[in-house]
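In what follows, a single structure is set out as structure tokens and then discussed.
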Amino acid sequence: MTEPVLQVEGLSVDYEVGAGTFHAVQDVSFELHPGRVLGIVGETGCGKSTLAHAIPRLLQEPPARIRRGIVRFRGIDLLKLPRWQLPRVRGTGISMVFQEPINSLNPAYRIYDQVAEAIRIRRLRESGQAPGLVSPQEPFDYSKPKMPNVGEVLLKPLVPSKGPASRRPMFSKDAQDLRATVLEYLKLVRINDPDTILNLYPHELSGGMRQRVMIAIALSGRPSLLIADEPTSALDITIQAQVLTLMKELMTEIRTSILFISHDLGVIAEMADDVGVMYAGHLVELGPVDQVYRDPRHPYTKGLLRSAPSKYKSEGPLPSLPGSVPNLSRLPRGCPFHPRCVLAHADCTQDPGPKLTKAVEAAGPEHLAACYYSKEVPGIP
Amino acid sequence: MVIFVGKRLLQLVPVLFGVVTITFFFTHVAVPNPCAAWTKARTPGAVQACVVTFGFDKPLSVQYTTYLQNLISGNWGTNSVQQPVLPSILRAFPETLELVFASLLLMVVLGIPLGVVAANGAGRWPDHLVRTFYLSGWATPTYLGGLILAIVVGPALGLPYTGDFSSAKPPGWEIVHMSVIDAMLRLDPGALADAILHLILPATALAFLNMGIATRMTRGSMLEILPMDFVKTARMKGLTNFWVLYRHALRNSLISTTTVLGIAAGGLLSGTVVIENIFRWPGIGTYAFNAIIGYEFAETIGIVIVFAVGVVLANLVADVLYGLLDPRVEWR
Amino acid sequence: MAGDARATQPAGWLSRKRKWLTSQLTHLRSGLRGFLRIMRANPLTLVGFVMVVLIVSVAVLVVLLPPIGQALVGHPVSILPYGPNYYPSPCPTRIVTTGNYSYPTCTLPPSTEHLLGTDNLGRDMLSRVMAALPLDLAIGFVVTAFAALLGGSLGLVAGYWNQPRTIKGAISVAILRLTDIFLAFPSLVLALAIAATLGRGTLPTVLAILLTWWPYYVRLVRGEVLVVKHQPYVTAAKAAGLSDLRILIRHVIRNILEPVTVYYTLDVGTVLVTFSTISFIGIGVPLDVPEWGNMVEYYQTQNLMGIAPWTILAAGGAIFVTVLAFSLLGDGLRDVLDPRSRRALAQAAVPTTVAAPAALGEA
Amino acid sequence: MTEFLVEATGVTKHFPLTQSLTETLSRQERRSIHAVDGVSLTIGRGESLGLIGESGSGKTTLGWLIARLFEPTSGTILFEGRDISHLTGRELRSWRRKVQVVFQDPVGSLDPRMRVWQIVGEPILAQEKATKSEIRARVGEILPSVGLPTGSLDLYPHEFSGGGRQRLALARALILRPKLIVLDEPTSALDVAVQAQVLNRLVALQEEFGFSYLLITHNVAAVRYVADRVAVMYLGKLAEVGPVRQVLEHPLHPYTKALLAALPVPEVRRRGARYRVSGEVPTLISPPPGCRFAGRCPFVIDRCRTEEPLLRVLANLPDQWVACHRVEEIGVIPPDELIGEAPVLPDRPSTMPATPSPER
């Protein structure tokens, strides 16, 4: 097995707000291996988006505070990096796609400027003018699997970034080259008429188009890790299907590892190799998608899968999880799910709660669940 | 865009008409006969002569229509000593414009970066510092700040504190009545330095009060923009904090700041009345002050017209800038 | 449970009343918590709040203490060390030398007896500054309130009845045009012109400010109404069959009060500055009425800046401190209450399911 | 008494766009957004009609037209046989007791400054003269039926979770016992687990009170569970109407097929290519003649671009209406056999009679 691209160990994130301290992410650990897609699924407020933002350290601190943990990306512990070095990891190391395509592109610049900016930064990194901490990946036309030098930190002195010049004359050799690269990326995300799109502003594009541009920007840094935070939730169903198809096709062409956040079990089923289920800030189950979906080993996962409505009225009431998500500032002792759990025993209420361990009698060793009674979960009606 | 500007200029006409009408009736109803105040002699004969000359004996409606007709034909009336109003205003206005532009420049150059600094450190000490600074400016009455600058700071720094320097120039030296530009046109570096030195104190006094407007607006809109996804996108491209702030956040927050600067320009015009008086700046503020004190109605109305045009044009410029900065705006 | 509300027994009524009271108390407590949250979010706001409370209480004491104290104790009681127009006799003359000139003056620098010194007539500056406080503060509060009321009601009409091509729409268009005209006037110039033509005095000055101030509230309130009007809860009220007037009272006015209050707080200071500016120009309050603006003007015309700067600084400083207090409070409140900046400060990242009490969980 | 509770015929709503000066001067025809264009449908007594469509399909506008929050540009809406499309003033307000609306956004549709009893009791206040204690009593009675404790009368909406707020909105709609409740995306702001609770409650309430639902949503799962019949909207027109099981299991219209194929299903299944339609929903300003779906339809022929398909019924499927010229060829293909963006029609004889029944 290759070394993981991303290793998260015991990550905990709090929000300190007037009303109290909210434990948004609690002791979350997972690994993401090269070329894999890890889906994180959970309900609103379960901390999945906070997790996604905490990895590249995009959280607003304060109110957020990363209490403890390790986020090791290609050998570098991002949480130990000084703040000014973070830009050297972003873009060419980690990039991100956000939920609302309307908000994630700068309304004041043309599409060309926004894609070109990302490409210019990558070139600055590659040329050594402003080296990154990790090297960008090779171009996408992989014929054989190959991983860039994992774990090697470029310890060159940092040359202050001059920032991308925004308006260079278009006739220079450089500019033509840049334009060609921008076009290449827009074609990569299946934009039909990239020459026209280049000169438009984000508000002149439809939602699906914007999200394609956003993916192009995210990929143009040739990152080794792409974090997709609910990338299709704001889109219509048919458009969502188009974007998901595009991402799946791209996954066969590029070797980026993806952390895919979604609240939609269906989207995760379609996109991910592995899935992590989050509840009230905790990762309660983790494993290969088909195993987790076919044979969930945490009562919450089971309840979540069952409550996806797929019945007609005549077929009786929909199964649903009783109760509601607990307040993140006053989590119950022990297992956070025990007040809603049918399997709850006395030991479930004792601190510390269950840790993520190999699920008893699960089909494979990679199937983990944070439940003392994971053996009994298949028996829940 | 041209149509937009044309339409807005067309809208200026009813506004001006309203402004003129309101000022005219207000002054003439409140003080139907200012002759008593004008003529120092106060002999009945002199007052009577004055009333006849200026037509204060005619019905108000007649006075109003006469005034409007004259106004449209370019005759803005005369003051109590029979000096035509328009030329004096046209001569004084550029001086004020120079002062206002200098203040605006100060507001933009100092106020906007301060707003960025405050927003970047929101809730921490840079923010508190900047806020205390601009709120202090806000809380300082213009006249107090002006007095302190003129009487205490000016002499201490050896800066000239009166604007009344043009008398030293040979007649006809001035071209546009803006000392800095005149000095440039005359290619006179000495005069240019002198003009800039003279500008520093009054422009600072004027800008200090209004600095808060630019800073506060920049801070506010930056705070609104910084948590937005496109700023995160910019960060995730690998841009450093400075470039994220400068290229992405500031560019978008300027869109709201320009609107406010347009409104602030109106406030600056008002402030000149006090500041010019303190610094003896020969602009329209001093002129307005004397006109108002002396019951000079023709002058007052003329000034109000000029000020109203100034306010409306400042807002128009701000709107045009807004449209140029924000590609989402449709010109209509 | 349903019978509880219909209970006619006194005991039931009592228990209901108690329940209601407890719920009121809970809300009061949560309101207090919200207030503390605002204050803690920004220490400057707290500073502003404390300053405003202090200033207002001093003003109240200045107004109330003499008559009440007199009635209770039998002789005048005042928190002013001296009467504002108290001329000590003989005037404690001192000789001041500026350049080649030497002349006697009554000004005394700040000392333990005269904390802020005395002016050229020997009057105690602290007393004068404090005596002016009630007037200046009242002007700030009252004029702003009138402007907010006048402009606010016009803005309410203009915002709520803005359907094009109807009579109501025409009215709101007329209001907006009139507002545009008044907004085109530079406010200080208009105020000066009005004050000058009406003659020197407190009332003309107040009128002048009022006439120039209301248009801002038309703009503000109209903008807020337009926002509230398109909130889903207004549509919901319409769908329930509520009449326009009721929607206006029940939903619109309630929801625009918060931003209007914030701007009101900020404006109290601004109005105060404008008022004192008109006095400073010399066409506002008469000189015998203690007022900060005309104090600065008077001492400046007496050229006291050079020989007794404490006189001007005391009066100007009083304005500065008062306005700063209101600005600090208003600016801080706006950060928290104004929907525009509230969104920014709330930081979308904070979990949304924060306030789900367990008792109200899903069945 | 008529057979239907609501009978809408040829309902159209155009929103005029503001004209620029040049357009006014050049006397151009006023452009408008054709949000709903000639839609006819019925809602029976005690029936739930699901209205599915993507954003921009005009489904919310249609719902608001039926609730008379908009006045239709043309067409008639009969409610219990009475034309309500042009009611105004007091008459309209008193008619509103028969129709209530639950809005999409449970946070925004509850005034944050009001207590539960004021919010839920608002329709009573609007329709009847009632004292405060009467309103409180009636609100206290209705709360348990949406699953909220009676003791929550004096709480504010922000003290409830998302699902709790949607229950409040539901209680407000129920309190006058209306004939029809228009549910505008009632579950789109809710999580799966909460959504199931709300849907169960909706069905239970209908059994208890017997009113009709118009369920407007893009959530096919919600429609599947709540609706008896379903109408699919695309760009302001109905594409397909029919019994819910029939439409969801045997969709006839190419758009319905695409919509259902695009649904992500929480099962690990074949991850290969599926039937996808290309392109995005065009704007509703001055739509072209012909079928509204022609621009994205993989089966488009010339006739589709010129001639508008009318809603018609197929002989062997008497309840299912569909607006497609080629339904006889396309309708029979099971969705699994359509793959990719330009599926090829399999060469086999149609199992459906080719003669369409007469236009209604």
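List the aspartates and glutamates whose alpha-carbon lies under 16 Å from that of residue B:237, not counting same-chain residues fewer than 8 positions away?
List returned: A:113, A:117, A:126, A:229, B:229.
Could you list the trypsin sites (Lys or Arg not before Pro) in segment A:292-331 that lie in coil according to DSSP, counting only those with at most 13 other Cβ atoms within 10 Å of their Cβ?
Filter output for segment A:292-331: A:330.
Inside 10 Å of the C-beta atoms of A:254-266, what's the mean count of C-beta atoms belonging to other chains?
Average per residue, whole number: 1.
Which shape class, rounded, prolate or oblate, goes with segment D:251-337 when its Cα gyration tensor gives a ≥ b ≥ c as root eigenvalues, a/c under 1.5 marks rounded, and past that a/b bigger than b/c marks prolate?
Here segment D:251-337 falls in the oblate category.
What is the list of residues in segment D:117-141 whose amide nitrogen lies under 18 Å from a point 7 angstrom out from the Cα of residue C:245, following Cα to Cβ?
Those under the cut-off are D:125-130.
Ignoring ligands, DNA and RNA, how much accessible area is buried between chains A and B, both sides summed, with a 1.4 Å probe, to the nearest 100 Å²?
Summed over both sides, the interface buries about 2600 Å².
Remind me, relative contact order of chain B in percent, using alpha carbon pairs under 8 angstrom and six or more residues apart?
It rounds to 27 percent for chain B.
Shape of segment A:279-379 from its Cα gyration tensor (a ≥ b ≥ c, root eigenvalues): rounded if a/c is under 1.5, otherwise prolate when a/b > b/c, or oblate?
It is oblate, given that a/c is not under 1.5 and a/b is not larger than b/c.
Could you work out what % of the accessible surface of segment D:251-337 is carbon and sulfur, using a 1.4 angstrom probe and leaving DNA, RNA and ligands out of the count?
Its accessible area is 55 percent carbon and sulfur atoms.
According to a simple spin-label model (label point 7 Å from Cα along Cα-to-Cβ), what is the distance in nm between residue D:31 and residue C:166?
2.8 nm
Report, in degrees rounded to the nearest 10, the 0 to 90 angle that the Cα long axis of helix B:189-225 makes with the longest principal axis of chain B.
That helix lies at roughly 60 degrees to the long axis.
Report, in deg cm²/dmol and to the nearest 500, the calculated mean residue ellipticity at 222 nm for chain A, where each DSSP H run with n ≥ 4 adds -39500 (n - 2.57) and the sum is divided by the residue count.
Per the formula, -8000 deg cm²/dmol.
Please report, in debye to the nearest 20, how large the charge dipole of the protein assembly as shown is about its Cα centre when each Lys and Arg carries +1 at its beta carbon and each Asp and Glu carries -1 there.
The dipole of the protein assembly as shown has a size of about 1120 debye.
Which aspartates and glutamates, on any chain, are close to residue A:355 with Cα under 18 Å apart, when same-chain ones fewer than 8 places away are left out?
A:9, A:27, A:31, A:285, A:347, A:366, A:376
Leaving out ligands, DNA and RNA, calculate the buried accessible area for the pair C and B with a 1.4 Å probe, summed over both sides, in Å² to the nearest 100.
Approximately 4200 Å² gets buried when C meets B.
For a quick check, take a GNM of chain A with Cα springs below 10 Å and name the residue from A:62, A:131, A:223 with the largest mean-square fluctuation.
A:62
Which of A:206, A:172, A:233 moves the most in a Gaussian network model of chain A with Cα springs under 10 Å?
Among A:206, A:172, A:233, the largest mean-square fluctuation in the Gaussian network model of chain A belongs to A:172.
If you count, for every residue in D:145-156, the Cβ atoms of partner chains within 10 Å of its Cβ, what is the mean?
4
Count the DSSP beta bridges whose two residues both fall in the protein assembly as shown, then state the antiparallel fraction as a percent rounded to the nearest 5.
The answer is about 65 percent antiparallel.
For the pair residue B:46 and residue C:103, what calculated FRET efficiency results from E = 1/(1 + (r/R0)^6), where r is the Cβ-Cβ distance and R0 = 30 Å, to the nearest 0.05?
The formula returns an efficiency of 0.15 here.
Compute the relative contact order of segment D:251-337 as a whole-number percentage, counting only Cα pairs closer than 8 Å that sit 6 or more residues apart in sequence.
Once divided by the residue count of segment D:251-337, the mean separation gives 34 percent.
Which angle between 0 and 90 degrees, to the nearest 10, do you get for helix B:85-106 versus the longest principal axis of chain B when only C-alpha atoms count?
Taking Cα atoms only, the helix is inclined about 20 degrees.
Give, as ranges by residue number, the residues of segment D:152-181 whose backbone N falls under 12 Å from the point 7 Å along Cα→Cβ of residue D:145.
Counting only backbone N, you get D:171-179.
Can you give the accessible area buried between chains A and D, summed over both chains, with a 1.4 Å probe, in Å² to the nearest 100?
Chain pair A/D: roughly 3500 Å² of buried accessible area.
Once neighbouring chains are kept in place and the probe is 1.4 Å, which whole percent of the accessible area of segment D:46-110 is contributed by carbon and sulfur?
50 percent
Count, for each residue of B:216-227, the Cβ atoms from other chains sitting within 10 Å of its Cβ, then give me the mean as a whole number.
So the per-residue partner count for this stretch is 4.
Pairs A:48/D:237; D:59/D:98; C:229/D:129; A:313/D:59: which exceed 32 Å Cα-Cα?
A:48/D:237, as the Cα separations exceed 32 Å there.
Semi-axes of the equivalent ellipsoid of chain D: what are they in whole Å, largest first, if each equals the square root of 5 times a C-alpha gyration tensor eigenvalue?
Output for chain D: semi-axes of 38, 25, 20 Å.
Using a Förster radius of 60 Å, what is the FRET efficiency between residue C:57 and residue B:309 based on their Cβ-Cβ separation? Nearest 0.05, please.
Efficiency computed from Cβ-Cβ geometry: 0.80.
Quick one: compute a quarter of the convex hull surface over the Cα atoms of segment D:135-262 and quote it in nm².
8.8 nm²
I'm checking a number: the convex hull volume of the Cα atoms of the protein assembly as shown, normalised per residue, in Å³. What is it?
Taking the convex hull of the Cα positions in the protein assembly as shown, it is 246 Å³ per residue.
On a C-alpha basis, how far is the centre of segment A:331-345 from the centre of segment D:171-228 in Å? Whole number, if you could?
The distance from the Cα centre of segment A:331-345 to that of segment D:171-228 comes to 30 Å.
Take peptides B:260-269, D:315-324, C:193-202 and line them up by average Cβ neighbours within 10 Å, highest first, as a rough protection proxy.
Result, highest mean first: B:260-269, C:193-202, D:315-324.
Calculate how steeply helix D:162-174 sits against the longest principal axis of the alpha-carbon atoms of chain D, using the helix alpha-carbon long axis, and give the answer as 0 to 90 degrees to the nearest 10.
80 degrees
List the chymotrypsin sites (Phe, Trp or Tyr not before Pro) within segment A:1-85 that DSSP assigns to loop and that have no more than 10 neighbouring Cβ atoms inside 10 Å.
Within segment A:1-85, no chymotrypsin sites (Phe, Trp or Tyr not before Pro) qualify (loop, at most 10 other Cβ atoms within 10 Å).
Would you mind putting A:252-264, C:110-122 in packing order, based on average other-beta-carbon counts within 10 Å, highest first?
Peptide ranking by packing, descending: A:252-264, C:110-122.
Over the protein assembly as shown, give the accessible area per residue in Å² for a 1.4 Å probe, as an integer.
41 Å²
Mind giving me the nanometre distance, one decimal, between the label points for residue B:159 and residue C:303, set 7 Å out from Cα along Cα→Cβ?
2.4 nm
Just order C:288-299, D:70-81 by mean Cβ neighbour count inside 10 Å, highest at the front, would you?
Output ranking for C:288-299, D:70-81: C:288-299, D:70-81.
Using the basic label-point model (7 angstrom from Cα toward the beta carbon), what is the residue A:127 to residue A:355 distance in nanometres?
So the two model labels end up 5.0 nm from each other.
Between the DSSP loop rule and a limit of at most 14 other Cβ atoms within 10 Å, which trypsin sites (Lys or Arg not before Pro) in segment D:91-183 are left?
D:129
The values are calculated or read from the model by the stated rules, or taken from the named source; none is laboratory data. Quick caveat, the model's predicted, so the values are computed rather than measured. Here the Cβ is made from the backbone with ideal geometry for all residues, glycine too, and neighbour counts use every protein chain on show. Protein only, heavy atoms only, side chains kept; ligands, DNA and RNA dropped before computing areas. Shrake-Rupley method; radii C 1.70, N 1.55, O 1.52, S 1.80 Å.
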